[in-house]
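The structure appears below as structure tokens.
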Amino acid sequence: MMLRRGFILFIPRLVVLLVVACCSVSIVYMLACTPKGDNQQLALPRVHGPTAKEGYEAILQEREEQHRNYIISLKKQIAQLKAELQGRSEQLKNVQDQYPDPLDIQLAHSNPEKAQANLLAFLRSQIDKAEVHRGVKLSTEYAAVPFESFTLQKVYQLETGLTRHPEEKPVRKDKRDELIEVIELAVGSLNNPEGDGNAKHRVYTASDFVEGIYRTEKDKGTLYELTFKGDTKHQFKKIVLFRPFGPVMKVKNENVNMADTLINVIVPLAKRASKFRQFMQNFREMGILQDGRIHLTVVYFGKEQMNEVKSILENTSKSANFKNFTFIQLNEEFSRGKGLDVGARFWKGNNVVLFFCDVDIYFTAEFLNSCRLNTQPGKKVFYPVLFSQYNPSIIYGHHDSIPSLEQQLIIKKETGFWRDFGFGMTCQYRSDFINIGGFDLDIKGWGGEDVHLYRKYLHSNLIVIRTPVRGLFHLWHEKQCLDELTPEQYKMCMQSKAMNEASHGQLGMLVFKQEIETHLHRQKLSSKKT
């Protein structure tokens, strides 16, 4: 009994000991398995430790603080980005308001009011960009855009070329209409002053206009300053107007294939076999070897030197394996217009580009492409302004020798001039030439026929492309003005002869050659005495 009672009393103690042992083992296990904290990870509190709740609360507070700081940082960054974006948007808006996008002006058909507002803003911006209210710093004296002056009847111009005069009535209709419109607008502005209400004032008319000046900045517009008589002798009214240029607009975008576009070069000729030999050298190199899409028609007048000319043509044909040529012989007096007309009408193939050419012309392969690109049947004809060469013996008279022909073909004011009074070299489709009526065959000899044809095209609905070209040269040759020419033809021939010799400076050196030699002689004697 005593043992049994002792055993019963011992069991609860044993249970307590086992429980304590289990708890101890659990605690040791927890301590051993809990990861140690470092800088980036905090240690978890012991599950049954006395500070478990406080530890978790501390960790949660710390994490919450970290998230709060991170959110505050993000908000600051977002606020900064919003401020920067708003600033950039305002800058962009200001730029767009001041200089609207030309494409936006053109394409905003769905909102015509916006497009109109943008266009007006763009046109006003042109005034701000132009040299109207303030000057513009320029790099050299040659960068300044000069004004030209005008009155009711005359225009006084600097860039006259060889066909216009320093003082003349406006010949071109667009220039005449432009100046009339400006004067009428200025008169209307004077007679309807802003802010005057019903106040009485004198009535201005075009007769009160004294003078005006104008100049055009190609990318901005034209500035006009007009002066009118005032109320007294020494008082004047001044009106400043500006015609702004609008934004560039796309009109056409097309592919142009000229691979099969043939050019028929028509050359009227009489004698001049040596010049024809030089012409064929150029034709062989540029037309046959480099271009290859070309036909030559020679219309020869008379029989003198004809065999020599035919021999040159046949030799070129054999050496270059060139068969695309036609030789037409006419037993009559030379007439350039008749020769070109016969050559154009002789062609029996498909519609072809005709290049009316002379034997003293030098052209490049690039010019032949320009000839194709600036002609279009029923739409466009091409009248290039060629560069006319001065007399090489005068230009290079101070040199040991005259350079080769290719070296002479330089576009400078000392070597030649733009022949803007000549209309003989031209490209057009044969159909347009036939439809316009061809040349006036009543004109004989030199000159006049080309001007008549040019005027026909001007009076038609065709577009006439008139521009200087860098690949077309008139080679110098001595001109002979025959007595058989009419007074008008003879005058034209002599004018052309005078223009053909040298520049003003070079001719001046010839005129004052004696004075120059006398000066040099005196200088030489003076140096010997000293």
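The values are calculated or read from the model by the stated rules, or taken from the named source; none is laboratory data. The model shown is predicted, which means the values in this text are computed figures rather than measured ones. Counting neighbours? That spans all protein chains shown, and the Cβs are built from the backbone with ideal geometry, glycine included. Only protein heavy atoms, including side chains, enter the accessible area calculation; ligands, DNA and RNA are left aside. Shrake-Rupley method; radii C 1.70, N 1.55, O 1.52, S 1.80 Å.
Observations on the model:
- Close pairs (7 angstrom Cβ cut-off, 6 or more residues apart or separate chains): outside any loop (DSSP other than H, G, I, E, B) and of a type in the set (S, T, N, Q) in the stretch 148-163, modelled with pLDDT under 85 and open to solvent by 50 Å² or more (accessible area, probe 1.4 Å) anywhere: Ser149/Tyr156
- Complete set of residues in the stretch 203-221 that are without any contact (Cβ under 8 Å) to a residue 40 or more places away in the chain and touching a helix residue (DSSP H, G or I) at 6+ places or on another chain (Cβ under 9 Å): Val203, Tyr204, Thr205, Asp208, Asp219
- Within the stretch 474-530, the residues that satisfy the criterion of being in contact with an Asp or Glu (Cβ under 9 Å, 6 or more places away or on another chain) and aromatic (Phe, Trp, Tyr) are Trp476, Tyr490.
- Ile266 outside any loop (DSSP other than H, G, I, E, B), open to solvent by 10 Å² or more (accessible area, probe 1.4 Å) and in contact with a Phe, Trp or Tyr (Cβ under 7 Å, 6 or more places away or on another chain): no
- Among residues of the stretch 493-503, those that are at pLDDT below 80 and either assigned to a helix (DSSP H, G or I) or loosely packed, with under 14 Cβ neighbours inside 10 Å (or both), counted: 5
- Counting the residues of the stretch 504-530 that are open to solvent by 90 Å² or more (accessible area, probe 1.4 Å), over 26 Å from Lys413 (Cβ atoms) and assigned to a helix (DSSP H, G or I) gives 6.
- Looking across the stretch 203-251, the residues that are part of a strand (DSSP E or B), open to solvent by 40 Å² or more (accessible area, probe 1.4 Å) and of a type in the set (D, E, K, R) come down to Glu211, Glu225, Lys229, Lys237, Lys238, Arg243.
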